[in-house]
1. Among 69, 153, 39, flag the residue with its Cα farthest along the positive direction of the charge dipole of segment 2-253, charges on Cβ as +1 for Lys/Arg and -1 for Asp/Glu.
2. At 1.4 Å probe size, with the rest of the protein present, what percent of the exposed accessible area of segment 57-147 is carbon and sulfur atoms?
3. Given 10 Å bins starting at zero, what is the percent of C-alpha pairs of segment 1-156 in each, up to the one with the largest pair distance?
4. Per residue of the chain, what 222 nm ellipticity follows from adding -39500 (n - 2.57) for every DSSP H run with n ≥ 4, rounded to the nearest 500?
5. Starting from segment 133-235, pick out the GluC sites (Glu not before Pro) whose DSSP state is loop and whose Cβ has at most 12 other Cβ atoms within 10 Å.
6. When 1/r is averaged over all different Cα pairs and the result inverted, which Kirkwood radius in Å belongs to the chain?
7. On alpha-carbon atoms, Rg over Rh for segment 161-223 using Kirkwood Rh?
8. Which percent, to the nearest 5, of DSSP beta bridges fully inside the chain are antiparallel?
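The values are calculated or read from the model by the stated rules, or taken from the named source; none is laboratory data. Only a predicted model underlies this, so the values are computations on that prediction, with no experimental measurement involved. When we count neighbours, we look across all protein chains shown, and the Cβ atoms used for this are built from the backbone with ideal geometry, even at glycine. In case anyone asks, the SASA skips ligands and DNA or RNA and just uses the protein heavy atoms, side chains included. Shrake-Rupley method; radii C 1.70, N 1.55, O 1.52, S 1.80 Å.
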Amino acid sequence: FRLAVVQLQVSSDKANNLSKVRRLVKEAAGQGSKVVLLPECFNSPYGTSFFSKYAEKIPGESTQMLSEVAKENKLHLVGSIPEEDSGKLYNTCAVFGPEGELILKHRKIHLFDIDVPGKIRFQESETLSPGNSLSTFDTFCRVGVGICYDMRFAELAQLYNRKCQLLVYPGAFNMMTGPAHWELLQRAALDNQMYVATASPARDEAASYVAWGHSTVVNGEVIAKAGHEESIIYADILQYLADIRQQIPISSQRRDDLYAVTAMQQGSG
Ligand SMILES: NC(=O)CC(=O)C(=O)O
């Protein structure tokens, strides 16, 4: 099936962000896409000072739009927004199905708290609360969902690997961590024999947080990659997995007697 990744130029104008999503998802559907991935916080500039202003309940304006667009174009649509629920804020990825139904909410499990002196300090935990669940959904294959910093935790990918063929991460790495780690982390999925798709906002040099861009789809090799400007990339996926999982059968060769990665709880939310 065809996967599309929309590298949206997110601005401070929420209505404009939403109307561009409508247009670009329609364009992706016209190219035969059945699953469309949007960037982290597609309705809002990425930054702790913006989350409370742009946060919405789910359902709310932005996710209502996602539901309509998924239904109009008969596809699965995945994208994250700042979510408000019971007085707390989350970075939440919503997944809608082809009937416009909300399939799951994944709240970012690992909050992006880093402090690299002289380079970047970012503390999502100053405003956001973490999610506590793993999230998967079924379309043409089983898909595991993470958000940006979640990608750095290999244990999560390893757990998803047991039942998923594709991992999707709306993300927004920056001008320091992007060149250093963005592609490397995705290509490390070769070890997990999965497809990995990441969707970044397009780069805005004037933003307080400058996103790296370079939305990517990998299966170990990079099979589709954006530059830093607004664009849509496409990938036709899956046969590779059947081949590689048979040729290099690491899942049946694991030494479960020596080590284990174990989920303490499962489910979406
Ligand atoms: N934005 C993030 O959550 C993570 C990130 O930018 C990084 O890990 O680098």
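1. Value computed over the given set: 69.
2. On the way: 1760 of 3670 Å².
Percent of accessible area from carbon and sulfur atoms in segment 57-147: 48.
3. Per 10 Å bin, starting at 0, the Cα pair percentages come out as 11, 42, 35, 11, 1.
4. Rounded to the nearest 500, the figure is -6500 deg cm²/dmol.
5. Here the sparse-neighbourhood loop sites are 205, 229.
6. About 18.4 Å, per the Kirkwood formula over Cα pairs.
7. 1.03
8. Working: 36 of 52 bridges.
Around 70 percent antiparallel, to the nearest 5.
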